Amino acid sequence: MFAAESPMAALAFGLVGCAIGAAAWNDHAALLPLVALFPLCFGLAPTRISAITLAMGYFLAASRGLPVGAATFFGSDIAVGLILWLAASSVFVLVHGAFWSARPACRAFGFIAATILMAIPPFGILGWVSPVTAAGILFHGLGWVGLVATLGLFMALTYGKARPALLSLTCVLWAGGVLMGEEPRKLDGWEGLESNVHYSAGSRDFQRSFTFVTEAKRLASQADAPIAVFPEGAMGWRTHTAEEAWKDLAKQTGKIIFAGVEYTNGKGYDNALARVTSTDVEIVYRQRMPVPVSMWRPWSEQSAKAHFDQAPMVMLGGQPTAVLICYEQLLVWPVLQSRYAGADHVLGIASLWWAEGTSIPGIQMTAMTAWARLFNMSLTVSFNR
């Protein structure tokens, strides 16, 4: 056991946190249960400083794609990405540090309190890489019961009684989830299409709109399903010309199209999903949580709007659907809110050209896969890379 005041203890816990975050969060959903080592180590932390460095190492490693991705998005040097990376980690680190206690029982309750707080707004606005996401692998198909069971398991691991037995149980659940758990089912008649167009969110880039329509025609001609899903921002900025082009595409292909679109709504703009038919373009969902700073800037008139009052479940093609646009796929509360409202289909769209080559696209897919597995929900995904 490390000495309570040893600086090496804090460093060691930070490095362990890095190892857990890096190993658990990638494009392999089967590795997610490694996050169970986080509450276990939180319970072993001898001081608050050790708990803080553990949490910092975990979050920074899990969100390791952010510095490069943010720098690419803003067209800036890596320093901007590093600042945003550290800022994004601050809430996670401070919440977990605040709930550490020298008393083992209080520490266990504190870890669960921190996990819940980081899953719901306002703290949940920055609630990336929540350990509870592993419920989809450990308790495949058990829904809310599985979610509560995961919290109970993490609490027990933090408390420290019978740790060897609890770790053995976790490994058994992990093996069962990997060997017997099924991948999220795909809906008949739905097809998510991928594109490769670079653009800046919230910009009236009409050349981008033309480029996307051209790409959409090629992709739609290759799709067999009657319902085609295009990525975030595929329609570009909503104009009469863009609407007519997409309605013409729906008419030519005989498909119902769902595609991301941006448009002015008073001050700022909306990042949304539209349903396109040969006769109409209808906004069916407005993003509840745009990514902070790069899109959601409440202090700016050029901000994407956060529609916290958006209906969390929408009927799309006869399916009660949870729409998750980009950043929402990284968080806990949007998908749980949608499931509670009755959604049994996850529709995930994103434009991730700026994050290509980083861990972010894989983490988003891992999170959606885990939640869909937990609640036996179907999954349709469309990424612009």
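The values are calculated or read from the model by the stated rules, or taken from the named source; none is laboratory data. All values derive from a computational prediction rather than experimental measurement. Cβ: placed from backbone, ideal geometry, glycine included. Neighbour counts: every protein chain shown.
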Quiz item: Which residues, taken from segment 295-307, are of a type in the set (Lys, Arg) and surrounded by fewer than 19 Cβ atoms within 10 Å (Cβ to Cβ)?
Solution: 297
Quiz item: In segment 264-294, what count of residues is obtained for those that are surrounded by fewer than 24 Cβ atoms within 10 Å (Cβ to Cβ) and either among the acidic types (Asp, Glu) or within 20 Å of residue 73 (Cα to Cα) (or both)?
Solution: 9
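Is there a residue being aliphatic (A, V, I, L, M), within 30 Å of residue 252 (Cα to Cα), in contact with a helix residue (DSSP H, G or I) (Cβ under 6 Å, 6 or more places away or on another chain) and touching a residue at least 24 places away in the same chain (Cβ under 8 Å) anywhere in segment 333-342?
We begin by selecting, within segment 333-342, every residue aliphatic (A, V, I, L, M); these are 335-336, 341.
Next, from what is left, pick out any that are within 30 Å of residue 252 (Cα to Cα): none.
The answer is no, given that none of the residues of segment 333-342 is aliphatic (A, V, I, L, M), within 30 Å of residue 252 (Cα to Cα), in contact with a helix residue (DSSP H, G or I) (Cβ under 6 Å, 6 or more places away or on another chain) and touching a residue at least 24 places away in the same chain (Cβ under 8 Å).
For (1) more than 20 Å from residue 147 (Cα to Cα); (2) among the aliphatic types (A, V, I, L, M); (3) surrounded by 15 or more Cβ atoms within 10 Å (Cβ to Cβ); (4) touching a Leu at 6+ places or on another chain (Cβ under 6 Å), each residue gets a yes or a no:
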site: 81; (1), (2), (3), (4): yes, no, yes, no
site: 93; (1), (2), (3), (4): yes, yes, yes, no
site: 97; (1), (2), (3), (4): yes, no, yes, no
site: 116; (1), (2), (3), (4): no, yes, yes, no
Practice problem: Among the numbered conditions (1) more than 30 Å from residue 86 (Cβ to Cβ); (2) of a type in the set (D, E, K, R); (3) assigned to a strand (DSSP E or B); (4) modelled with pLDDT under 95, tell me where residue 275 comes up short. | Solution: (4)
Quiz item: Any residue in segment 137-148 that is β-branched (Val, Ile, Thr), at pLDDT 95 or above and more than 19 Å from residue 338 (Cβ to Cβ)?
Solution: yes
Practice problem: Scan segment 77-112 for residues that are part of a helix (DSSP H, G or I) and of a type in the set (S, T, N, Q) and report the count. | Solution: 2
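Working carefully through the options 129, 80, 91, 68, find the one that is touching a Ser or Thr at 6+ places or on another chain (Cβ under 9 Å) and at negative phi. Please lay out each step first, then the result.
Values: 129 fails: at negative phi; 80 fails: touching a Ser or Thr at 6+ places or on another chain (Cβ under 9 Å); 91 fails: touching a Ser or Thr at 6+ places or on another chain (Cβ under 9 Å).
Exactly one of 129, 80, 91, 68 is touching a Ser or Thr at 6+ places or on another chain (Cβ under 9 Å) and at negative phi, namely 68.
Which one is surrounded by the most Cβ atoms within 10 Å (Cβ to Cβ) among residues in segment 308-366 that are of a type in the set (A, V, I, L, M) and at pLDDT below 95?
Pass one, segment 308-366, residues of a type in the set (A, V, I, L, M): 311, 313-316, 322-325, 330-332, 335-336, 341, 343, 346-347, 349-350, 352, 355, 360, 363, 365.
Next cut, at pLDDT below 95 only: 352, 355.
Details: 352: 18, 355: 24.
Among those residues, the one meeting the criterion is 355.
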Quiz item: Would you pick out the residues in segment 27-75 that are in a loop (DSSP other than H, G, I, E, B) and either surrounded by 22 or more Cβ atoms within 10 Å (Cβ to Cβ) or under 24 Å from the mean Cα position of the chain (by Cα) (or both)?
Solution: 27, 28, 45, 63, 64, 65, 75
